[in-house]
Structure formats: structure tokens, C-alpha cells
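As C-alpha cells, the structure follows; a few thoughts come after it.
The values are calculated or read from the model by the stated rules, or taken from the named source; none is laboratory data. These figures come from a predicted structure and were not determined experimentally. Here the Cβ positions follow ideal geometry from the backbone for every residue, glycine too, while neighbour counts run over all protein chains shown. Ligands, DNA and RNA are stripped out before the accessible areas are found, and what is left, the full protein with its side chains, is counted by its heavy atoms. Shrake-Rupley method; radii C 1.70, N 1.55, O 1.52, S 1.80 Å.
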Amino acid sequence: KMSSPCYYSVDHSYFLNKAAKRRYPSLHALAPLNRIPGMINLAGGLPNPAAFPFSSFSFTTSSGEVLSLSPDNMYNSLQYTETQGLPKLLEWIWDYTCRMHKFTEEKKSLYDVCVTTGSQDALSKAFEAFLDEGDCLLIESPSYASGLSACRPTGCHLVPMPIDGDGIIPYALEEILEMWHDTPHENHGNPFPKVMYVIPTGQNPSGATLTIERKKEIYRICQRFNILILEDDPYWLVELGPWTDNNKDMKGANDDDGNDGDDAPFI
């Protein structure tokens, strides 16, 4: 009988670069306290809501539906808030994510949500948190032009992973990692990679989509070599045919095989 997956919290501090390890929460970390009734915050320089130039907002969609922001929502949208994003938006995204990925209560405790101003902002923040100058980043060849632009300022070395019509070729990836310290090659002497950047669905620019079998194999390889998977998957919900289980993300690909909890870190 196949056992149920066992999940455990991963310590991501190993993957953080020197600058990220020196960061501490700002005054925005106190923002949740501002929602306590009667709380008066004298620390954050919050503007008086009476000075806001807008009291409400509405717009009409192409279908004719009119959507409106109430004065309370307008106030919350214009005021300083938590670093992760507006609480109600975070709540909706988290609920949606849990339903789409079928998170159990145990699994929910291991994840969190942060809103960014688009993928470029998210990629820049991730690369700047994980990569020091001279570090190596595993990346598909070819890869997303804007992703390359986001990682270049870190001064990292790009290590191309061969792909075909089904995405990253697992045996080629494993060979790169196995031979890293053994024989002289273009990566010899460079730090061993700790992060892999991958676009699993409709890879840009090749259009390749990883099969569920390859996702499992790549996940196994990242477990073996302790490599963090940075998954950029804007097309996860885009399907030309019926919805299939192949739309699982890299993490979900590992949940059906009786995994004992030896999970690779995943962002």
C-alpha cells in the first residue's frame, strides 16, 4: 500500500545570499497591528486618510459588469500595508492556490504568498535573494529574455541545460551536476549551483512543456543535489485541450509517488 506523502519545512537560509541574510523586517512588519481596533500607530508615518484624493472607485468590464471599491477598500488600497500585499488580496490568492493545488492542511503550513508587480519584479527579487556574484545558475537553453535580464545584474554565471520538445533533458542535467568537480570543463572551478530557473509550461522561447514523467525525474535530481527550483509558470492555466494532471507544478509532480518527505526546496 502506498504511504501518504509526509511534508516538512525546508530551511531556505542555506540558499540565501549574503545580502539577503543581512535583511531584517522594516516597520511594515508592524502593519498587521494597525488593524487592531483602537490602535494608534505613531511609528510608520501613515498619512491621514482624510487627505486621500479618492473616496471610491468603479470601472466597467467589457461584459458590461460594473465593479466598485467601497470607501473602506479604497482606504486600504491607498494606505501603507503589509509588505506581502493587501490582506484581502492575499487571502483570495491563498484560497485560490490551495484549491487549485489541492493543498492539505499540513501542506498549507509550509507555504506562503507574496504579491509582486509582475514576473520581472518577482524574478529580480528572487535572483537578488539567492545569487551572489560568481554563483552559478542552472538555466534552460534557450531561456526567457527578460529572465536573463533579471539575473545578469547579480553577476552570476549561467549554466545552460539542454532542452528538447519536452523541456529539460533529465539525464543531461544529471550529467552536468555529476561531472561538476571531476573533469576540466567550462564550469570547472565555479561554485556548485544551488538554484535552477525553469519555465515548465510553454517554455519561452521554445514552447516546450515538461511532461509529468520529466518533472518527477528533475525533482529527484534536485533532491539528490540539494538544488532549489525557481519555477516561472505563467501559462499553468493555459490549455488548448482538456485539463490534465500534466498541469501539476514541479512540487505537485512529487506528491503521488509515496514520497517520504525528502523534498527538494521549491519556490
Considering only Leu148, Phe52, Leu89, whose Cα is most displaced toward the positive end of the charge dipole of segment 42-173, charges sitting on Cβ of Lys, Arg (+1) and Asp, Glu (-1)? Phe52
Contour excess over end-to-end distance, with Cα ends at Trp236 and Lys18 and 0.36 nm allotted per residue: 75.2 nm
Enter the accessible area of Glu82 (Å², nearest 10), with the probe set to 1.4 Å and all protein chains included. 30 Å²
Which order do Phe103, Phe59 take when ranked by solvent-accessible area (1.4 Å probe, heavy atoms of all protein chains), largest first? Phe59, Phe103
Can you give the FRET efficiency to the nearest 0.05 for Trp94 and Ser55, using r as the Cβ-Cβ distance and R₀ = 45 Å? 0.95
If I model a spin label as a point 7 Å beyond the Cα along the Cα-Cβ vector, how far apart are those points for Lys102 and Ser68 in nm? 4.1 nm
Taking 0.36 nm per intervening residue step and subtracting the Cα-Cα distance, what contour gain separates Tyr80 from Leu46 on full extension? 11.6 nm
With a 1.4 Å probe and all protein chains in place, put Lys107, Lys102, Lys88 in order of accessible area, largest first. Lys102, Lys88, Lys107
For Asp112, what accessible area in Å² do you get when you roll a 1.4 Å probe over the heavy atoms of the protein chains, rounding to the nearest 10? 120 Å²
Taking R0 as 51 Å, what FRET efficiency do you get between Arg35 and Leu148 from their Cβ-Cβ distance, rounded to the nearest 0.05? 0.80
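Rg/Rh for segment 106-222: what does it come to with C-alpha atoms and Rh from Kirkwood?
0.97
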